[in-house]
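Report on the following structure.
The values are calculated or read from the model by the stated rules, or taken from the named source; none is laboratory data. The model shown is predicted, which means the values in this text are computed figures rather than measured ones. Glycine also receives a Cβ, built like all others from the backbone with ideal geometry; neighbour counts cover every protein chain displayed. Each accessible area value is taken on the protein alone, full model and side chains, heavy atoms only, with ligands, DNA and RNA left out. Shrake-Rupley method; radii C 1.70, N 1.55, O 1.52, S 1.80 Å.
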Amino acid sequence: MVIALALMSGPGAMAAEQGERGGQAPPARAVEVRVGTYNVCGHGCLPTKAECERVIGRDCATKLRPWAEGRAAAVAEDIDEAGLAVVATQEIGNNPTPTQPGVDVESFRAPLTAALAEHGYAEAPADYAGARHPRHGYPLKSGAGRFTYYDAARYSHLDERGRELPYDLLWLPDSTEIYGKTMTWNVLRELTSGARFVVVDMHLEFRKNGATDPNGWTKNWDEVRYADARRTAEELTRHNRHTRHLPIVFAGDMNSGSAAEGASAIDAFADVGFVDALSTADRRSGDEYASFNGGKIPLRTGEKIDHLFVRKGTRVLEWVQIPQTTETSGAPADLLRSDHNLSYATIRLMKGNR
């Protein structure tokens, strides 16, 4: 995602504000950032039924190559070949739950982090291990396994003095699991200009309406997705002191392409003043494909459930989805790295796009 960041940080930001008050604001420097979203199906697309049942407690809908034996490296190549500066990834393992007792984060994080390091990418911090709800104290046992990576030659999660920039888990109400669910956010810095921006890595509820979750709850899960997306957007754009005054991009697997009022992520972000980058892009490529390919060859066409949201009025120069393959026949394990396609956008964020 290429973002022209007109907000500056530190003394530069103070000078810009003083110039505006005096009517002589200096021109803002544009910083280009290409941000993508990629659900890599790390722990959900294991190679055999036995391994699937051991790790996630059920068979996998899509069976791909072993993660640590080549697939993580192939995912890293996808990211590098797309020229991404920042990428929000999902399904990099998870904390164990009663329904997925054998899953973990580290077995999936470590191979991808190592593979991306070979291409010059660094991992932005995300503290899942040992995380507990800030008020109620219960441990995080769901909503882990989302990691954001960035091109370390151009960006950093550290400030000019080597201190970590703000980041955290945003805890959501118990909308799906009694043991907690989170979204992940990081403030990043462009090295040459010092400009800062926020990337929020999201993965919303996957269940369809009428389904029953492990708590025995049967809900309108479209309304749950709306509520969780809106809570996330409102907290980080209006209330969080570390993020509310910075340019911000929400990226991830929203598990719906619907725009239904009160029952979709698209509508939730619209109610907070954000739009799907695809809907306003000057140019589009690969938009004929569905973002969830389902492990099917040929790839599906149609609905996008993976999204990048930006403030209304932001110019989106291009939106690109890269299909996992263009082959019309063949074994998914030979042709695919994930059951989702990677997408990114090229965006120009100016001063008000925060």
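Of a type in the set (V, I, T), in contact with a Lys or Arg (Cβ under 8 Å, 6 or more places away or on another chain) and open to solvent by 20 Å² or more (accessible area, probe 1.4 Å): does that describe T192?
Values: of a type in the set (V, I, T): yes; in contact with a Lys or Arg (Cβ under 8 Å, 6 or more places away or on another chain): yes; open to solvent by 20 Å² or more (accessible area, probe 1.4 Å): yes.
Yes; evaluated as a whole, the condition is true for this residue.
K63: of a type in the set (D, E, K, R), under 25 Å from G294 (Cα atoms) and assigned to a loop (DSSP other than H, G, I, E, B), yes or no?
For K63, the condition - of a type in the set (D, E, K, R), under 25 Å from G294 (Cα atoms) and assigned to a loop (DSSP other than H, G, I, E, B) - is met.
Among the residues of segment 158-177, which ones are within 27 Å of P96 (Cβ to Cβ) and part of a loop (DSSP other than H, G, I, E, B)?
Here is the first cut: in segment 158-177, the ones within 27 Å of P96 (Cβ to Cβ) are 167-177.
P173, D174, S175, T176, E177 - these are the residues of segment 158-177 that are within 27 Å of P96 (Cβ to Cβ) and part of a loop (DSSP other than H, G, I, E, B).
For segment 147-165, indicate whether the set of residues that are open to solvent by less than 50 Å² (accessible area, probe 1.4 Å), at pLDDT 85 or above, over 21 Å from R244 (Cα atoms) and in contact with a Leu (Cβ under 7 Å, 6 or more places away or on another chain) is non-empty.
yes
What are the pairs, 6+ residues apart or on separate chains, where a residue within segment 216-238 that is under 16 Å from V275 (Cα atoms) has its Cβ under 7 Å from a residue that is in a helix (DSSP H, G or I) and of a type in the set (D, E, K, R)?
Pairs that qualify, where the first residue is under 16 Å from V275 (Cα atoms) and the partner is in a helix (DSSP H, G or I) and of a type in the set (D, E, K, R), are Y226/D267; R230/D271.
For segment 64-78, name all the residues that are under 17 Å from Q321 (Cβ atoms) and either buried (at least 24 other Cβ atoms within 10 Å of the Cβ) or touching a helix residue (DSSP H, G or I) at 6+ places or on another chain (Cβ under 6 Å) (or both).
The answer is V75, and nothing else.
Filter segment 35-63 down to residues that are open to solvent by 60 Å² or more (accessible area, probe 1.4 Å) and closer than 28 Å to D276 by Cβ, then give me how many there are.
Matching residues across segment 35-63 total 1.
On the given criteria, is S264 polar (S, T, N, Q) and modelled with pLDDT under 95?
Working: polar (S, T, N, Q): yes; modelled with pLDDT under 95: yes.
Taking the combined requirement at face value, the residue satisfies it.
Is there any pair linking a residue in segment 97-109 that is in contact (Cβ under 8 Å) with a residue 60 or more places away in the chain and within 15 Å of C45 (Cα to Cα) to one that is of a type in the set (K, R) and crowded, with 16+ Cβ neighbours inside 10 Å, with Cβ under 7 Å and at least six apart or on different chains, and which?
From segment 97-109, no pairs qualify.
Looking at segment 81-93, which of its residues are open to solvent by 20 Å² or more (accessible area, probe 1.4 Å), touching a Phe, Trp or Tyr at 6+ places or on another chain (Cβ under 9 Å) and either more than 20 Å from N186 (Cβ to Cβ) or not acidic (D, E) (or both)?
G83
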